[in-house]
1. Out of (i) 165; (ii) 155; (iii) 201, which label holds the value of volume of the Cα convex hull per residue in Å³ that was computed here?
2. Express in nm, to one decimal, how much length is gained between Ala86 and Trp236 on full extension, taking 0.36 nm for each residue of separation and deducting their alpha carbon distance.
3. Work out the length of the dipole vector of region 144-241 about its Cα centre, built from +1 on the beta-carbon of each Lys and Arg and -1 on the beta-carbon of each Asp and Glu, and round it to the nearest 20 debye.
4. Under a 10 Å cutoff between Cα atoms, tell me which one of Met270, Met288, Met194 has the largest fluctuation in the Gaussian network model of the chain.
5. Charges on Cβ only, +1 for Lys and Arg, -1 for Asp and Glu, centred on the Cα centroid of region 173-307; of Ile239, Leu225, Val284, which one is farthest towards the dipole's positive end?
6. Sort Ser160, Ser98, Ser256 so the one with the fewest other Cβ atoms within 10 Å of its own Cβ comes first.
7. For region 30-42, what does the Karplus curve 6.51 cos²θ - 1.76 cosθ + 1.60, with θ = phi - 60°, yield as ³J(HN,Hα) per residue in whole Hz, taken in order and with x for Gly and Pro?
8. Taking square-rooted eigenvalues a ≥ b ≥ c of the alpha carbon gyration tensor, is region 18-126 rounded, prolate or oblate, where a/c under 1.5 means rounded and, failing that, a/b exceeding b/c means prolate?
Amino acid sequence: MNILGLDTLVFGVDDLAGARQYLLDYGLDEVSYSADRGGVWAALDGTSITVRPADFPGLPPLPPGARTPCLRETVYGVADAATLAALTEHLSAEREVSLGEDGVLRCMDDGGFAVGFQVTVRRPYSARFLGFNVPGQPPGRAPNDCAADPDEVIKPRSLSHVVYFVPDVARAEAFYARLGFVVTDRFNHLGPFMRPAGTLDHHTLFMIERQNDHMVGCNHFTFHLGSGAEVLQHGWNFINKGYKSFWGPGRHIMGSNHFWYFNSPFGAVMEVDADMDLHDQTWVPREMDPGRDNSQIFLFGALPKWAPGE
């Protein structure tokens, strides 16, 4: 089934004003907002975060054991109406589904999360081409094109991935496998990285089997930026706005993406990432034991600015 990737994540929160400011500072564009209904904030390609009051009518239930604030729904974009019809036929044969007036096909997955599917909102967009000058390769930038711009406005380009805590990872994995998701890599005794058929991104979904009562709901989510340098600069700017770094900056081994995670008002940490691996059908999934050595290839901590002689 031609599922392309995440279109939007829907959160129920207590602090709408704080969530709004966070997403604006993160760099998303405000599509809509009201103090009683919440709103929508989008990346350059139209993928987005939707934020509602926790008691907003029609929100799906919380995942098992979770409390507000929390992810309430994950909506995937599909290529066309034919794919949506095929999903409707498949899912309605095994569980209760509904098709909303908004065109979203909805159900509960086998990990306890509300999931939806719609004809994608993803759109073409224009953004600065990010070239790199590497010895032995053709120049990535023209002469006199300076890559470092302290005033550059860095915008998230696309909704990347979401990570769930689930009570039974094998059962949850099987649900998405029946929808055409494939495992790209796996942490043993923890869970799989998965991508749907319509993308080559290393993963749009990672699931972690619950080890204790604190591992509930959504672990983290993220948008793609344009480069590792953008992750560093954007994260630096985010810290200077007063947000607290949770993990990073660094670079993962599984997926190879540069990362930086920050505390957020959504009941999950929010990441910025860039330069994720792409995999096709010839890729052989790796299996690794979880742990620090396999979680990142390097990890740094941010320090105040410094100059020689100070």
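Values in this text are rule-based calculations from the coordinates and carry no lab data. As the structure is a computational prediction, the values presented were derived from the model and not from experiment. Positions of Cβ are backbone-derived with ideal geometry, glycine not excepted, and every protein chain shown enters the neighbour counts.
1. (i)
2. 49.6 nm
3. On the way: 8 positive and 11 negative charges, 82 e Å.
Result for region 144-241 is approximately 400 debye, rounded to the nearest 20.
4. With Cα springs under 10 Å in the chain, the top fluctuation among Met270, Met288, Met194 is at Met288.
5. Going by the Cα projections, it comes out as Ile239.
6. Numbers: Ser160 26, Ser98 10, Ser256 13.
Going from least to most buried by this count: Ser98, Ser256, Ser160.
7. Residue by residue, region 30-42 yields 6, 8, 7, 6, 9, 5, 9, 10, x, x, 9, 10, 10 Hz.
8. Values: a/c = 2.27, a/b = 1.26, b/c = 1.80.
Since a/c reaches 1.5 but b/c is at least a/b, the shape of region 18-126 is classed as oblate.
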